[in-house]
1. I need the full set of residues from the range 136-174 which are part of a helix (DSSP H, G or I) and either over 26 Å from Asp67 (Cα atoms) or β-branched (Val, Ile, Thr) (or both), in order please.
2. Go through the range 107-147 and count every residue that is loosely packed, with under 10 Cβ neighbours inside 10 Å and of a type in the set (Asp, Glu).
3. Out of all the residues in the range 136-145, which are more than 50 Å from the chain's Cα centre (by Cα), on the phi < 0 side of the Ramachandran plot and of a type outside the set (Ser, Thr, Tyr)?
4. Could you grab me the full set of residues in the range 119-135 that are assigned to a helix (DSSP H, G or I), over 47 Å from the mean Cα position of the chain (by Cα) and not small (Gly, Ala, Ser)?
5. So is Ser75 crowded, with 16+ Cβ neighbours inside 10 Å and farther than 25 Å from Asp159 by Cα or not?
6. How many of the residues making up the range 208-236 are of a type in the set (A, V, I, L, M) and in contact with a helix residue (DSSP H, G or I) (Cβ under 8 Å, 6 or more places away or on another chain)?
Amino acid sequence: MTQDTPQSPAPDQPTADNRSVTDRFLSSDGRMSRSDRWVEFLSAVLLALATIATAWSAYQSTLYGGDEAAARGASNAATVKSAHYAGEAVQIRGFHAILFVEWAAAVSQENQELEDFLYQRFPPALKTASDAWIATKPLVNPDAPSSPFVMSEYALEEDDLAEQWQATAEVELAKANQADETSDRYVLLTVLFASVLFFGGIAGKFQSQIIDMAMLVIGSIIFLAGLGILLTFPMQ
């Protein structure tokens, strides 16, 4: 009578313990449950939405970056023009001062011919201011202005142009700064939506449905928060 000896499983045949481990860690060996399919579907939807939002944010950031460059260039050009007209005003004012001093010297020397000659050659701005200054009787009135150059009647077109271009430069600079700030905000949104891609991408990769759903929930919350912020931003 022979005794039956226990047969050991073949090396290539998985045991019950091996099958339980495999079932736990390799979900592909079993059929996907309905909840798993929902996780995969929602993950795909979240990834698609996050991809679109990321691309849109990057696109808007690029547009506002271009606006910032254009406005900053316009501001620099306006600043150059303002400096140009301001320099011209200084030169003209210096010429007027020399002409006025020569005229005043002719008056003090009672050289009527030279006085009339110089006065007739006063530019309009200097002549208007000089007439208003003479009307204040500066020789006998201690409250009279010290010269026609400090009076409101003395106005140069170049000074006005310099102020106008400087104001334009400040407006364009403000536009550039605003566009730069908006571009930076869209860059931050791009990073935010990229994190949604991460959470949506790893959802469904775990063997725990709780963890998978947690990744989806976190990604969805971040996406909705980013979308809410996006809707408050200016768009082109």
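Since every read-out is calculated from the coordinates, none of them should be taken as a lab result. All figures in this text were calculated on a predicted structure; none of them were measured in a lab. Using ideal geometry, Cβ is built from the backbone for each residue, glycine included, and neighbour counts are taken over all protein chains shown.
1. Step one: list which residues in the range 136-174 are part of a helix (DSSP H, G or I), which gives 148-150, 157-174.
Pro148, Phe149, Val150, Glu157, Glu158, Asp159, Asp160, Thr168, Val171 - these are the residues of the range 136-174 that are part of a helix (DSSP H, G or I) and either over 26 Å from Asp67 (Cα atoms) or β-branched (Val, Ile, Thr) (or both).
2. Result for the range 107-147: 3.
3. Just the residues of the range 136-145 that are more than 50 Å from the chain's Cα centre (by Cα), to begin with: 136-144.
Checking the rest, the ones that are also on the phi < 0 side of the Ramachandran plot come to 136, 138-144.
Answer for the range 136-145, where residues must be more than 50 Å from the chain's Cα centre (by Cα), on the phi < 0 side of the Ramachandran plot and of a type outside the set (Ser, Thr, Tyr): Pro138, Leu139, Val140, Asn141, Pro142, Asp143, Ala144.
4. Our first condition is that a residue be assigned to a helix (DSSP H, G or I); within the range 119-135, this holds for 119-120, 124-135.
Cutting the leftovers down to over 47 Å from the mean Cα position of the chain (by Cα) gives us 119-120, 127, 130-135.
Residues satisfying the conditions are Tyr119, Gln120, Lys127, Asp131, Trp133, Ile134.
5. Numbers: crowded, with 16+ Cβ neighbours inside 10 Å: yes; farther than 25 Å from Asp159 by Cα: no.
No: the conditions fail for Ser75.
6. Step one: filter the range 208-236 for residues of a type in the set (A, V, I, L, M), giving 210-211, 213-218, 221-222, 224-225, 227, 229-231, 235.
Checking the rest, the ones that are also in contact with a helix residue (DSSP H, G or I) (Cβ under 8 Å, 6 or more places away or on another chain) come to 213, 215-216, 218, 222, 225, 227, 229-230, 235.
The number of residues fulfilling the criteria is 10.
Conditions (1) aromatic (Phe, Trp, Tyr); (2) closer than 19 Å to Ala53 by Cα; (3) touching a residue at least 40 places away in the same chain (Cβ under 8 Å), marked per residue:
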site: Glu158; (1), (2), (3): no, no, yes
site: Leu161; (1), (2), (3): no, no, yes
site: Ala167; (1), (2), (3): no, no, no
site: Gln178; (1), (2), (3): no, no, no
site: Val187; (1), (2), (3): no, yes, yes
site: Gln209; (1), (2), (3): no, no, yes
site: Gly219; (1), (2), (3): no, yes, yes
site: Phe233; (1), (2), (3): yes, yes, yes
